[in-house]
Amino acid sequence: MADIFGKSLNWPGSTFTPGAFGEMGKKQAEMQKEFLDTLEEINRAWLARAQSGVTLASELVSKLAAARSVPEAAAAYQECMTRHMELFAEDGRRMVADSEKLMRVGARLFSNGSPGFTT
């Protein structure tokens with residue numbers, strides 16, 4: 001039974017006190033900050049990866065311009081493509097790792113402390 005003017009509300013399986021709502025709000029804000037910090041970290045990593053792709057393309061153009069023969073140009077192109085494939089493999093691993101991070105942080109955020117959804 002709930003006491004409208006009392007200090008606690010008794011619901012089946014739970015007791016809420018007025019201070020509990022403040023604590024829930026504080027916890028929710030902390031979890032949202034953690035989620036946003038994780039997104040920011042992931043964003044920085046992907047921007048760095050994009051920059052490395054631009055650098056790789058620039059290096060290829062420089063090497064092709066400096067090449068004096070078809071075999072030199074082919075070697076420069078092959079070197080670039082090898083590095084490109086390595087970056088694609090790294091991208092795949094990073095995408096899986098980032099997805100796992102987001103799932104963990106998101107699960108904590110959206111579970112709101114519910115026992116059935118904790119990680």
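Some values worked out for this structure:
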{"read-out": "Residue count for segment 37-56, restricted to those that are surrounded by 12 or more Cβ atoms within 10 Å (Cβ to Cβ) and over 30 Å from V105 (Cα atoms)", "value": "1"}
{"read-out": "Residue among E41, E59, E72 that is in a helix (DSSP H, G or I) and closer than 30 Å to S99 by Cα", "value": "E41"}
{"read-out": "Residue in segment 9-20 that is modelled with pLDDT under 95, surrounded by 10 or more Cβ atoms within 10 Å (Cβ to Cβ) and under 20 Å from R108 (Cα atoms) present", "value": "yes"}
{"read-out": "Inter-residue pairs, beta-carbon under 9 Å, first within 23 Å of L87 (Cβ to Cβ) and in segment 55-75, second assigned to a helix (DSSP H, G or I) and of a type in the set (F, W, Y), 6+ apart", "value": "L60/Y77; K63/Y77; L64/Y77"}
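The values are calculated or read from the model by the stated rules, or taken from the named source; none is laboratory data. All of these numbers come straight from a predicted model, not from anything done at the bench. Glycine also receives a Cβ, built like all others from the backbone with ideal geometry; neighbour counts cover every protein chain displayed.
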